[in-house]
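To start, the structure itself, in structure tokens.
The values are calculated or read from the model by the stated rules, or taken from the named source; none is laboratory data. Note that the coordinates shown come from a computational prediction; the quantities given were computed from them, not determined experimentally. All Cβ positions, even for glycine, are placed from backbone atoms using ideal geometry, and neighbour counts span all protein chains on display. For accessibility, only protein heavy atoms count, side chains too; no ligands or nucleic acids. Shrake-Rupley method; radii C 1.70, N 1.55, O 1.52, S 1.80 Å.
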Amino acid sequence: MSYRVLLSKTALKTYDRLPPKLRKGVDRAIEYLKADPLHNPNAKALKGETGFYRYQIGGWRILYEVYEKPMEVRIYDIGPRGDVYKH
């Protein structure tokens, strides 16, 4: 059973503007998140934020929440490492 991955408006807007090479990396990351969003060497829990995680793709990060019921991963932001945590 795999997780359903949903992108927020903010994440989708960023995704649509990504260069092809980076978009391919994000697509690959989404496939990993569908399979298992919690157990991946590139995924880590955010400190001080229960249920929130980040997935690392080079210098970029995907920030997401995991919901066990229903089995969903909600990506709420995609961005460069230095900027994505400033929300």
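Things worth noting here:
- Taken as a whole, the condition of being touching a residue at least 40 places away in the same chain (Cβ under 8 Å) and not in a strand (DSSP E or B) applies to residue 70.
- Residue among 17, 28, 4, 23 that is touching an Asp or Glu at 6+ places or on another chain (Cβ under 6 Å) and modelled with pLDDT of 95 or more: 4
- The single condition from (1) assigned to a loop (DSSP other than H, G, I, E, B); (2) surrounded by 15 or more Cβ atoms within 10 Å (Cβ to Cβ) that residue 53 fails is (1).
- Scan of the stretch 64-85 for residues that are open to solvent by less than 80 Å² (accessible area, probe 1.4 Å), in contact with an Asp or Glu (Cβ under 9 Å, 6 or more places away or on another chain), of a type outside the set (Phe, Trp, Tyr) and under 20 Å from residue 2 (Cβ atoms), ordered by number: 65, 66, 72, 73, 75
- If you filter the stretch 10-41 down to residues that are open to solvent by less than 60 Å² (accessible area, probe 1.4 Å) and outside any helix (DSSP H, G or I), you find that the one that is farthest from residue 81 (Cα to Cα) is 36.
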